[in-house]
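Beneath this line is the structure, given in structure tokens, with notes to follow.
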């Protein structure tokens with residue numbers, strides 16, 4: 001009978017500099033048995049697999065363009081968003 005072997009994930013320690021207050025806020029949200037490393041790994045994985053840019057990293061113009069692309073060209077929202085785009089393009 002063959003013995004099952006689990007594929008082991010290799011881990012590496014890295015050094016990351018973040019503001020102390022941000023780390024404190026993160027730690028306040030974690031439960032006693034939750035892992036900071038696991039949370040950060042999941043965030044990185046989500047970032048890589050979702051293929052989207054965080055809105056915080058976008059300019060106002062980029063945000064409006066993305067909204068326009070999701071809007072019906074016959075709608076009043078489309079007209080409003082195009083007006084905003086013109087303002088942000090100046």
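The values are calculated or read from the model by the stated rules, or taken from the named source; none is laboratory data. Keep in mind that what you see is a predicted model, and the values were worked out from it rather than measured. Glycine gets a Cβ as well: all are built from the backbone with ideal geometry, and neighbour counts include every protein chain shown.
Looking only at segment 44-90, which residues are part of a helix (DSSP H, G or I) and closer than 30 Å to residue 30 by Cα?
44, 45, 46, 47, 48, 49, 50, 55, 56, 57
Under 7 Å between Cβ atoms, at least 6 apart or on separate chains: pull out the pairs that start in segment 1-16 with a residue that is in the same structural domain as residue 44 (by TED's automatic domain parsing) and end on any residue that is at pLDDT 90 or above.
Note: no pairs meet the criteria.
If we scan segment 75-82, do we find a residue that is modelled with pLDDT under 90, surrounded by 10 or more Cβ atoms within 10 Å (Cβ to Cβ) and at negative phi?
no
Out of segment 54-69, which residues are surrounded by 10 or more Cβ atoms within 10 Å (Cβ to Cβ) and either within 17 Å of residue 82 (Cβ to Cβ) or touching a helix residue (DSSP H, G or I) at 6+ places or on another chain (Cβ under 6 Å) (or both)?
Matches in segment 54-69: 60, 61, 62, 63, 64, 65, 66, 67, 68.
Check segment 35-43 and report whether any residue there is assigned to a helix (DSSP H, G or I), free of Cβ contacts under 8 Å to residues at least 40 places away in the same chain and exposed (fewer than 10 other Cβ atoms within 10 Å of the Cβ).
Looking through segment 35-43, none of the residues is assigned to a helix (DSSP H, G or I), free of Cβ contacts under 8 Å to residues at least 40 places away in the same chain and exposed (fewer than 10 other Cβ atoms within 10 Å of the Cβ).
Looking at (1) at pLDDT below 90; (2) under 21 Å from the mean Cα position of the chain (by Cα); (3) outside any loop (DSSP other than H, G, I, E, B), which one does residue 24 not meet, given that it meets all the others?
(1)
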